1. Could you list all residues from region 274-331 that are in contact with a strand residue (DSSP E or B) (Cβ under 6 Å, 6 or more places away or on another chain) and among the hydrophobic types (A, V, I, L, M, F, W, C)?
2. From the list Ser396, Ser338, exactly one residue is more than 23 Å from the chain's Cα centre (by Cα) and either assigned to a helix (DSSP H, G or I) or touching a residue at least 40 places away in the same chain (Cβ under 8 Å) (or both). Which is it?
3. How many residues does region 266-300 contain that are more than 54 Å from the chain's Cα centre (by Cα) and over 21 Å from Thr323 (Cβ atoms)?
4. Given the conditions (1) surrounded by 15 or more Cβ atoms within 10 Å (Cβ to Cβ); (2) among the small types (Gly, Ala, Ser); (3) at pLDDT 95 or above, report the number of the one that Ala255 does not fulfil.
5. Take Arg429 and decide whether it is out of contact with any Asp or Glu (no Cβ under 7 Å at 6 or more places or on another chain) and of a type in the set (Lys, Arg).
6. Can you tell me which condition Met289 does not meet? The list is (1) at pLDDT 80 or above; (2) exposed (fewer than 14 other Cβ atoms within 10 Å of the Cβ), and all the others hold.
7. Among residues belonging to region 511-566 that are part of a loop (DSSP other than H, G, I, E, B) and under 24 Å from Glu130 (Cβ atoms), point out the one that is farthest from the chain's Cα centre (by Cα).
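The values are calculated or read from the model by the stated rules, or taken from the named source; none is laboratory data. Computed from a prediction, not measured in an experiment: that's the story for all the values here. As a convention, Cβ positions derive from the backbone with ideal geometry for all residues, glycine included, and neighbour counts pool all protein chains shown.
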Amino acid sequence: MNCYTNLSKWTFAGILASLLFLAGCAGLGSMEKEIEAMGLEASPDPLIVRGGQVELEVTGQFPAKYFGKKVSIEATPVLSWEGGSASFESQGFQGEDAAGNFTVVPFESGKAFSYTSSVPFDPAMEDAAELAVVISGTQGNKSATFDPYVIGGGVITTPLWVQSDDQFIPIEDNFQRVITYTEEVIVNYRVNSSSVRSSELRDADWKSLQNLLQLSIDADSVTITGARIEAYASPEGEITLNEDLASDRANSAAASVTREMKRKKLTADEAFYNLVPKGEDWLGFKSLMQASDVEDKNLILRVLEMYSDKDQREEEIRSIAKTYREIEKEILPALRRSQVVVSYDVEGYTDAELKDYSFSMPDSLNVEELLYAATLFEDLSDKLMIYQSAARVYVSDFRGYNNAGWCLAKMGRMNQAMEMFQQALELERNKAVVNNVAALTRQNGDIDGAMKLLNEAAGAGPEVGYNKGIILIQKGDYASAISNMGRVSTVNLALAKMLNGDASGAKTALENASDDSAVANYVMAVVCARLNDSAGAKKYLSEALAKDPDLREKAGKDLEFRNMRDVINL
């Protein structure tokens, strides 16, 4: 009996306590006391800057019979640090009988919730920041503000390690040390003859050939390499005769060139010549007729083209030529010819000469020689001087300006580089130049303008994709950054891989980067921390601090190392 009595007392007391709790949970005070029952969680934890924003997701669950029917609350996540704070967007909830437009929370069943928001990043957030939910509520005429409920702290700023290693594109030269030229000579013949008349060897074009042969003797840089001879007959002759005649004319022209070369003590073997007898020149006849002042020329050509039989056509041409003297005296004689095209090579300056002349007398070099000469120097100052000379001497060629800008950018003189790139762009909207302007536009803070320019520069080279990747890291689109950057191994590629969840890939990229800078070592330390490799984190962080002691303060508050501070001595 006593045992039953005691049991009944305890059972009654438990029921009474539960009823009191449930009744109390209808009020703001009890809701604050039982706030842990909501299971508030922040994600990510710690927070992380992404694309210049700190993004937050808060999840939780209002338990059954927790949220008073006449209660309304506003919950505001607040990130606070010494000297400042930032409030995320507020979220409102209300009971079933409360007035307002907030999200309704059923009393009997409760309600799960998820909330996302973001605030602009402030560098001070990294330093001992605290994330808390501040709740203010009303119930009838009563109002209350809950004590801040801490759900996280600090902001990871690893994405801000993005490096300004934008890639600039120099424009290649079109330099050729050996350039091939041609000299053309026309040898005309009498009707049905293949003999070269002496008068032909006194014409201006033959004298030009003689001068070329002499030049090849006087100048070591000039070499005669061969001759192509196309020989023709006029189309009024018999087909077989014309074919043989064209062949004979090709041979006679070659013989004349050979004799001229022998006089200069130059040799020409059989391989020197490419003889191409063409036979009758019907196409040439039509061309000269169309360009002539012959009366009824169009009618004449239409009539001649009606003849499918070449013999008939030849006979008709002979007949027409007797009527139209211009055809007989001017057009047909011009078709009885050999076209001699002599090829010769001119070898340009040696590298040593180009290096000398590019400094001592740049005005004497053509633009291709100047642009090539700059590539013979390793020192950026030397390259810059030559490219500036190219821009001065060849003011309408954009390449000198662009390449001077490339040198200045490599030297860290970005304002001067931009001036040069802009001048190049005014001369020609070349995609490589657009890429270079885009790179400096990004460095000046206009990432949207830079991306627009890079889209225009598509196709200029892999540098464009890499530069896009830098912007995409800044925007927080890490997967796209990786795909744009290609296979180049840099700190930025490693950073993108790590932020995209591939810490192992990031480590491989850094190992292949051949970058032993303080920044590279620091980022490797972060990668190791994410791989739970405390020994590696300690090793690389020590190397980073040895190279740049100023990084110690950064490392001391960097939440990437929050779980291994004792191990790495921070």
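1. Going residue by residue through region 274-331, those that are in contact with a strand residue (DSSP E or B) (Cβ under 6 Å, 6 or more places away or on another chain) are 274-278, 280-281.
Within region 274-331, Leu275, Val276 qualify.
2. On the way: Ser396 fails: either assigned to a helix (DSSP H, G or I) or touching a residue at least 40 places away in the same chain (Cβ under 8 Å) (or both).
Going through Ser396, Ser338 in turn, the sole match is Ser338.
3. The qualifying residues number 1.
4. With respect to (1) surrounded by 15 or more Cβ atoms within 10 Å (Cβ to Cβ); (2) among the small types (Gly, Ala, Ser); (3) at pLDDT 95 or above, Ala255 is out only on (1).
5. Numbers: out of contact with any Asp or Glu (no Cβ under 7 Å at 6 or more places or on another chain): yes; of a type in the set (Lys, Arg): yes.
When the stated conditions are applied, Arg429 passes them.
6. It fails just one condition, (2).
7. First, pick out the residues of region 511-566 that are part of a loop (DSSP other than H, G, I, E, B): 512-517, 531-533, 548-550, 558, 562-566.
Checking the rest, the ones that are also under 24 Å from Glu130 (Cβ atoms) come to 558, 562-566.
Working: Asp558: 34, Arg562: 38, Asn563: 40, Met564: 40, Arg565: 41, Asp566: 44 Å.
Looking at residues that are part of a loop (DSSP other than H, G, I, E, B) and under 24 Å from Glu130 (Cβ atoms), I get Asp566.
Here is a yes/no grid of residues against (1) in a helix (DSSP H, G or I); (2) at pLDDT 95 or above; (3) under 30 Å from Val185 (Cβ atoms):
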position: Val342; (1), (2), (3): no, yes, yes
position: Leu371; (1), (2), (3): yes, yes, no
position: Glu378; (1), (2), (3): no, yes, no
position: Ser389; (1), (2), (3): yes, yes, no
position: Tyr401; (1), (2), (3): yes, yes, no
position: Leu408; (1), (2), (3): yes, yes, no
position: Met420; (1), (2), (3): yes, yes, no
position: Leu425; (1), (2), (3): yes, yes, no
